[in-house]
1. Mind checking whether some residue in region 390-407 is farther than 27 Å from TRP114 by Cβ, surrounded by fewer than 16 Cβ atoms within 10 Å (Cβ to Cβ) and more than 22 Å from the chain's Cα centre (by Cα)?
2. Residue check: is SER188 touching a Lys or Arg at 6+ places or on another chain (Cβ under 9 Å) and of a type in the set (Gly, Ala, Ser)?
3. Which residue is most open to solvent (accessible area, probe 1.4 Å), if the candidates are limited to region 321-380 and must be among the polar types (S, T, N, Q) and assigned to a helix (DSSP H, G or I)?
4. Within region 386-402, can one find any residue that is out of contact with any Phe, Trp or Tyr (no Cβ under 9 Å at 6 or more places or on another chain) and over 23 Å from HIS202 (Cβ atoms)?
5. Exactly one condition in (1) in contact with a Ser or Thr (Cβ under 7 Å, 6 or more places away or on another chain); (2) closer than 15 Å to ILE189 by Cβ is false for ARG105; which is it?
6. Inspect region 172-194 for any residue being among the hydroxyl-bearing types (Ser, Thr, Tyr), crowded, with 24+ Cβ neighbours inside 10 Å and touching a helix residue (DSSP H, G or I) at 6+ places or on another chain (Cβ under 6 Å) and give the result as yes or no.
7. Within region 264-272, is even one residue touching a Gly at 6+ places or on another chain (Cβ under 8 Å), in contact (Cβ under 8 Å) with a residue 60 or more places away in the chain and surrounded by fewer than 21 Cβ atoms within 10 Å (Cβ to Cβ)?
8. Pick from region 63-119 the residues that are modelled with pLDDT under 90 and open to solvent by 80 Å² or more (accessible area, probe 1.4 Å): which of them is nearest to GLY130 (Cα to Cα)?
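The values are calculated or read from the model by the stated rules, or taken from the named source; none is laboratory data. This is a predicted model, so every value here is computed, not measured. Every residue, glycine among them, receives a Cβ derived from its backbone with ideal geometry; neighbour counts consider all protein chains shown. To get the accessible areas, we keep the full protein, side chains included, count just its heavy atoms, and leave off ligands, DNA and RNA. Shrake-Rupley method; radii C 1.70, N 1.55, O 1.52, S 1.80 Å.
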Amino acid sequence: MRNNTPRHTFSTAMVIGTLGVAAVVTFAAKGACGEGIAECDAQKTPMTGLTKLSSKPDVSKLDAAVLDDQNVPMRKRMETFVKLLQSRIVDAVAREESSGSTEGRPSEFLVESWERKEGGEGISCVLQDGSVFEKAGINVSVVYGALPPSAIRQMSADHGGLVERIGYETEGPNAEVDSMPFFATGISIVIHPRNPFAPTSHMNYRYFELAHPKTLKDGSPNPRYSEEPAAWWFGGGSDLTPIYLFEEDARHFHKTLKDAADTEDPTFYPAWKKWCDKYFWLNHRNESRGVGGVFFDDLTLPAITSFKTTYIPVLDGEKRKNQVLLSEKQHDRESLFRTVRALGNAFVDAYIPLVHARKDTPHTDVHKEWQRLRRGRYVEFNLIYDRGTKFGLMTPGARMESILMSLPLHARWEYMESTTGTGRHNSSAALRAKAEDEAQYSAEEMEARRAIQAVLEQPVDWL
């Protein structure tokens, strides 16, 4: 039987550090963060001293005015934004959790702050085994240091020819630099509600930049040195994973994100919705992880325009030759930053009302069984396809509790389950399971399972 007392200490399954802090080793050296900075914590170097625990993030020293101050470096503005956003979302989730449900007594957030010896810090906010939320991780990281040439080359494959963009020879006999300063910051969230009728959601937004080194490899002053970064980009997104399909929930989630993206450009949402459907696709199951949302990466300006206002390519995850979708409006770094802020700020309105509406929906063990089956697919995606998770698991010294924090507490797999089993249409075992399920479960339950499975196998345009 579950212990419903408020918890401040956690089992070994509990995160000890962050849910997804992009450490230099994973995010920078591999450029591997698909789902977000936070889900690629493979830090090889020790932190400085013990981490610090508290009950909520401390934002008392942050100045919200810098968000609109173009004289402040973007790295400081984005860091301020993700920390303020983290605090606001923690408050929203905590309010929903403290409002209670029929599931038992509320739990509280454990907030752990850490510092990285080589440069950086992070704040992990984790709530586990609550009355409304089975697990919620809301985490921020800020990391910086120096990237070796091999890391820059590896990142270039995922970020549109980064080597050409920065303009330095990084390897070979004509190498101009032996490393380049980098900075990365982001927020990452994964929330698994307890009630099977309330959907899971994931969100992350991040910023990365490479700076000009002050000196070249031979020790001479760098004539191209500038306070402006040599390369920079934003990335991120948000998606919804329901257990049972409520079309009005999917429409609300998508419309809220679309409205936010449309404040800066109407071409963003349709492209990024398509990219989201593509990215969260489980190839081995031939189905999506959920009902989508938005996903984007490498959101920057063309190298030839530097920091000028211009039309930009709008990527949708497809690789095309001689065909580029351009934005409807002209953009500069400010408008792209506003886009990220609008989407990040929209998360609470997009998601929390769905949990509030579903948290007390009556349910039985049958519904929990289906929830665990569907969450098994969530586990499969994160362990098989998410680039950051995969690399973190293979990295010696990685902080496993952080990498695996995105996983639900409970998941289930059945052989050739009648609604979701891969290859079920040609399986005698699935046919027998179907007959058993139809005898055991109500027609309404079977139809509900088939309804969500249908939209996972054939992604829907919700708007």
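1. Within region 390-407, the first condition is being farther than 27 Å from TRP114 by Cβ, and the residues that meet it are none.
No: region 390-407 contains no residue that is farther than 27 Å from TRP114 by Cβ, surrounded by fewer than 16 Cβ atoms within 10 Å (Cβ to Cβ) and more than 22 Å from the chain's Cα centre (by Cα).
2. When the stated conditions are applied, SER188 passes them.
3. If we filter region 321-380 for residues that are among the polar types (S, T, N, Q), which is where we start, we get 322-323, 327, 330, 335, 339, 345, 361, 364, 371.
Those still in the list that are assigned to a helix (DSSP H, G or I) too: 335, 339, 345, 371.
Details: SER335: 5, THR339: 0, ASN345: 68, GLN371: 3 Å².
Looking at the filtered set, the residue picked out is ASN345.
4. Yes, some residue in region 386-402 is out of contact with any Phe, Trp or Tyr (no Cβ under 9 Å at 6 or more places or on another chain) and over 23 Å from HIS202 (Cβ atoms).
5. (2)
6. At the first step, the residues of region 172-194 found to be among the hydroxyl-bearing types (Ser, Thr, Tyr) are 179, 185, 188.
Those still in the list that are crowded, with 24+ Cβ neighbours inside 10 Å too: 185, 188.
Subsequent filtering for residues that are touching a helix residue (DSSP H, G or I) at 6+ places or on another chain (Cβ under 6 Å) retains 185, 188.
Yes, region 172-194 contains at least one residue that is among the hydroxyl-bearing types (Ser, Thr, Tyr), crowded, with 24+ Cβ neighbours inside 10 Å and touching a helix residue (DSSP H, G or I) at 6+ places or on another chain (Cβ under 6 Å).
7. Checked region 264-272: no residue is touching a Gly at 6+ places or on another chain (Cβ under 8 Å), in contact (Cβ under 8 Å) with a residue 60 or more places away in the chain and surrounded by fewer than 21 Cβ atoms within 10 Å (Cβ to Cβ).
8. ARG105
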